[in-house]
């Protein structure tokens, strides 16, 4: 995806991650077990959770990996989600902050090796990382920094897939969990780059400072990617708990009430715009609608676009991006994509296609080694729910958005189909 | 403590022998891959479960032991 505009939104009362006016003091050296335990307690008190999609408590992950011997740290900047650009924006704008966080995490878990990863196609990001690492010289004691470019596949950023690739295998998920057995078979901390940036900030400013933004259950700021029918799409930093309407205002606002939002990326959930627009942007508030923050993307579907057609394109893309290791995903996703396309084209085959989807979704959901098939079925189920009226229209041979150009970005993967 | 059948979906290649040997707990999806019940393996089927595990051409099946969750401090 070409460079996406980065907005200094007015929404985060104090921009932290995309701030040009932040001053960074020195990082703690963490040379004693006491100092490390103090910082771990601070990160725990901060309530920091992963900013990569799974939202796992960061302190818990750090403690688990610290129990291993000679662990490894992986900074995950691969961002294989096509709708998301926040990690690329962060790495291009402030790679030193991310590396500070990775080095701090390494000191906390006792690692001497840090892998900084990005997608192969992200030339700007990789260049920024090279410069940043060169600038650090011997700043980081005995910690080796290695920049690795990963394949540009949707699942390549799944933590076990990334570890598989770092071990010399394909960028495909495995059943081993990295925190137990990862790079070189050692305990491995895989953390999203935005999460690591926050670790560096908490190390400098503390848990209380971190909690000044956000809600009690979901503290902090968050980078979000907003696309679709907004005047100023791009990446921005928001305070967690800001309503969707306020977030969209920070991205130039909407010309009209849209039809729906796709929340959380291509493993995410469609929600009707009217149901969601005044909800706070938090997992807790979105849960009743079956949604969660996921990859922290928000795509705005205008009234004159077709949610079914958009979903069909994404599902076909997700089917193409299956690692092909688990039968129910490898066979199930293309079958779901075909049924969905039949639904979209309408006519007399549509009712059978709907029945087919009802039989396929439970056979595919939850049966892969990774979340890929489950994410796809979640998207499909939410589309069938939110666009139910559109399904009826298609069955009757019409559509409310037949000619709208695509809203959801689909990468062109024809020329880059490798896994290694 | 209970025992449960577990399948590694990456190792599994859809041979389907498991569903023939243990139809009470394993059925096949439309592509021939096992849908494994999470219900505990009854004692009467334990031998069948072990045979299914051993005969899987990909060694994709396992019997998993689960301890029932203990209530902490429940001692009256």
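Output the residues belonging to the range B:6-32 that are in a loop (DSSP other than H, G, I, E, B) and within 10 Å of chain A (Cβ to nearest Cβ).
B:8, B:9, B:10, B:11, B:12, B:13, B:14, B:29, B:30, B:31, B:32
Which of the residues spanning the range A:310-321 are surrounded by fewer than 23 Cβ atoms within 10 Å (Cβ to Cβ) and either in contact (Cβ under 8 Å) with a residue 40 or more places away in the chain or touching a strand residue (DSSP E or B) at 6+ places or on another chain (Cβ under 9 Å) (or both)?
Of everything in the range A:310-321, those that are surrounded by fewer than 23 Cβ atoms within 10 Å (Cβ to Cβ) and either in contact (Cβ under 8 Å) with a residue 40 or more places away in the chain or touching a strand residue (DSSP E or B) at 6+ places or on another chain (Cβ under 9 Å) (or both) turn out to be A:313, A:317, A:319, A:320, A:321.
What about residue A:166, is it crowded, with 24+ Cβ neighbours inside 10 Å, at pLDDT 95 or above and under 25 Å from residue A:123 (Cα atoms)?
no
Can you confirm whether residue A:57 is closer than 23 Å to residue A:182 by Cα and surrounded by fewer than 22 Cβ atoms within 10 Å (Cβ to Cβ)?
The answer is yes for residue A:57.
I'd like to check something: does the range A:340-355 contain any residue that is within 30 Å of residue A:159 (Cα to Cα), in a helix (DSSP H, G or I), within 12 Å of another protein chain (Cβ to nearest Cβ) and at pLDDT 95 or above?
The answer is no, given that none of the residues of the range A:340-355 is within 30 Å of residue A:159 (Cα to Cα), in a helix (DSSP H, G or I), within 12 Å of another protein chain (Cβ to nearest Cβ) and at pLDDT 95 or above.
Considering only the range A:186-213, state which residues are assigned to a strand (DSSP E or B) and within 19 Å of the chain's Cα centre (by Cα).
A:189, A:190, A:191, A:192
From the residues in the range A:357-373 that are without any contact (Cβ under 8 Å) to a residue 24 or more places away in the chain and at negative phi, which one is farthest from the other protein chains (Cβ to nearest Cβ)?
The extreme case among them is A:358.
Give me the pairs, please: first residue somewhere in the range A:148-177 and within 12 Å of chain B (Cβ to nearest Cβ) and within 18 Å of residue A:366 (Cα to Cα), second residue anywhere and modelled with pLDDT under 95 and outside any loop (DSSP other than H, G, I, E, B), beta-carbon distance under 9 Å, and either six or more positions apart or on two chains.
Every condition considered, no pair remains.
With respect to the numbered conditions (1) more than 11 Å from chain A (Cβ to nearest Cβ); (2) part of a loop (DSSP other than H, G, I, E, B), which one is the sole condition not fulfilled by residue B:63?
It is condition (2) that residue B:63 fails.
Please count how many residues of the range A:63-103 are in a helix (DSSP H, G or I) and crowded, with 24+ Cβ neighbours inside 10 Å.
15
If you scan the range A:273-288, which residues turn out to be farther than 22 Å from residue A:220 by Cβ and crowded, with 16+ Cβ neighbours inside 10 Å?
Passing the criteria: A:273, A:277.
The values are calculated or read from the model by the stated rules, or taken from the named source; none is laboratory data. Quick caveat, the model's predicted, so the values are computed rather than measured. A quick note on method: Cβ atoms are made from the backbone with ideal geometry, for glycine too, and the neighbour counts reach across all protein chains shown.
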